[in-house]
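Right, one structure below, let's go through it.
The values are calculated or read from the model by the stated rules, or taken from the named source; none is laboratory data. All values derive from a computational prediction rather than experimental measurement. In this analysis, Cβ positions are derived from the backbone assuming ideal geometry, glycine residues included, and neighbour counts consider all displayed protein chains. The protein model used for the area step is the full one, side chains on, heavy atoms only, and it has no ligands, DNA or RNA in it. Shrake-Rupley method; radii C 1.70, N 1.55, O 1.52, S 1.80 Å.
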Amino acid sequence: MTLYNSHGTENLQVWTYNIIKIKMSSKQPPPPTPQRTFSLLPKAINGGIAGIVGVSVVFPLDLVKTRLQNQVAGPNGEKMYSSMLDCFKKTYAAEGYFGMYRGSAVNIVLVSPEKAIKLSANDMFRFYLTLPDGSLPIVRQMLAGGLAGALQTVITTPMELLKIQMQDQGRITAQAKTGGAPVKKLTAVDLTKNLIAERGIFGLYKGVLACIVREVPFGIIYFPMFATLADLGVQENEGQAPLWWMFVSGCSAGSTAAWCVTPFDVVKTRMQTLTKGTGEVHHNSMLECLTSIWKNEGITALFKGGACRMMVIAPLLGIAQSVYYLGVAETLFDL
């Protein structure tokens, strides 16, 4: 049978159409694009567990940092603590091992929701800010980190306020004993009751603006830097960086961000310290506090406890990020 008979052109068109139809019907439809999903609950649980583990390890360093930041030189330049090591020695000698964990109960109770918010919120904002092509520009990473930092102050502010009073109590007591004045020791429960009785629930949010000013730039610096460093350690056969690299990335990004925002941390600590020692003044605003420190103590005072803060934040976030990415919640609760 020839293709070109009296109706050759028509037969050729029919034949060609049938071949194309057979080929098209034999093609498999393309596989559906996997839909991106985000589950907040397991990430929040992982963040809470990570916070408890991390803060339990580094709390004594945080106590030393608070006391160094709060001390003000006397009329003749005398100081209670000459260095970080000196503060460690004097605190341990005066208050013992458990004195190094003064205020830790408050911190451990509240750090769980605080870290749950901080770490999971950053992941959530990164998820929703990711572009359709799967990329996440650095500006959007910074926005996600800043938003996570702002959101966590809901828990951070009362936690920091109570923690600072408990941590600084030993320093105030030592000063009072030197001057012959008795000081009543307060528990976290007593302190909370007093604050609520005097100022209402908002009394627990004294210094909230200072907390926001510290946490937002910290998140802007820390989270993009951590993500960048973590990506450098990704192994092709595993799809993610090993645990030890997560720890190193958390330490590196945490210490860098901590140093950068130390002036804001000093101001926040001074603003939230309710019981002042000899020669110390109450500050009514962040600007007044910042100006006072600069004028009376010099710019270096804004970096008081900076090295100690780096030593606190580096292992805290290194441990927290490692525990967070272990996915404990997914394993234990099958989430």
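I need the P(r) histogram for region 218-284: all alpha carbon pairs, bin width 5 Å from 0 out to the longest distance, whole percents.
P(r) over region 218-284, rounded to whole percents: 3, 16, 18, 14, 11, 10, 9, 7, 6, 4, 2, 1, 0.
List the trypsin sites (Lys or Arg not before Pro) within region 39-85 that DSSP assigns to loop and that have no more than 13 neighbouring Cβ atoms inside 10 Å.
Filter output for region 39-85: LYS79.
Just to confirm, what accessible area per residue do you get for region 221-335 at 1.4 Å probe, in whole Å²?
Per residue, region 221-335 has 48 Å² of solvent-accessible surface.
Region 38-101: which chymotrypsin sites (Phe, Trp or Tyr not before Pro) are DSSP loop and have at most 14 other beta-carbon atoms within 10 angstrom?
PHE38
How much of the accessible area of region 100-145, in percent, comes from carbon and sulfur atoms when a 1.4 Å probe is used?
69
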